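Trainee: There's a structure below that I have some questions on.
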Amino acid sequence: MKAGRKEIITDLIEGTRCFHLCSPSDDPEEQTAVTSGLRYLVIQFKRLVSPMLPQAAASRLNAIDVEVDNVYSAYEAKAEL
């Protein structure tokens, strides 16, 4: 793996760990911003890491989804990662 790719993956992992989630009772605009932001990180992570994993692990990773405006899907995705 190229050093650049490893660095990007490490940054995505750290970004996901530190990503601040909101509550279902928070403002809808905040929920949209939070779920969109985490969705972006998850998609980038899946695209970079999935090809390097065994098929079963790649399938589990690719099944992770963050639905925009669904805070519960964000909590679930963060836990899965």
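The values are calculated or read from the model by the stated rules, or taken from the named source; none is laboratory data. Because the structure is predicted, anything quoted here is derived from the model rather than measured. As a convention, Cβ positions derive from the backbone with ideal geometry for all residues, glycine included, and neighbour counts pool all protein chains shown. SASA here: full protein model, heavy atoms, side chains in, ligands and nucleic acids out. Shrake-Rupley method; radii C 1.70, N 1.55, O 1.52, S 1.80 Å.
Trainee: Note down the magnitude of the dipole of the chain about its Cα centre, charges +1 on Lys and Arg C-beta and -1 on Asp and Glu C-beta and zero elsewhere, to the nearest 20 debye.
Mentor: 700 debye
Trainee: Extending each Cα 7 Å along its Cβ direction at R47 and I8, get the distance between those two points in nm, one decimal.
Mentor: So the two model labels end up 0.8 nm from each other.
Trainee: For the range 39-81, would you read off the P(r) tail past 12 Å as a percentage of all alpha carbon pairs?
Mentor: 56 percent
Trainee: Could you work out what % of the accessible surface of the chain is carbon and sulfur, using a 1.4 angstrom probe and leaving DNA, RNA and ligands out of the count? Present the calculation step by step, with values, prior to reporting the outcome.
Mentor: Numbers: 2850 of 5350 Å².
The C+S portion of the solvent-accessible surface of the chain is 53 percent.
Trainee: A further question on this structure: In Å², what does the accessible area per residue of the range 1-74 work out to with a 1.4 Å probe?
Mentor: Roughly 65 Å² per residue, with all protein chains present.
Trainee: Calculate one ³J(HN,Hα) per residue across the range 26-34 by plugging θ = phi - 60° into the Karplus curve 6.51 cos²θ - 1.76 cosθ + 1.60, and present them in order as whole Hz with x for glycine and proline.
Mentor: Those phi angles translate into 6, 3, x, 5, 5, 4, 5, 4, 5 Hz.
Trainee: Which one, (i) 73; (ii) 200; (iii) 137, gives volume of the Cα convex hull per residue in Å³ as derived from the coordinates shown?
Mentor: Read-out from the structure maps to (i).
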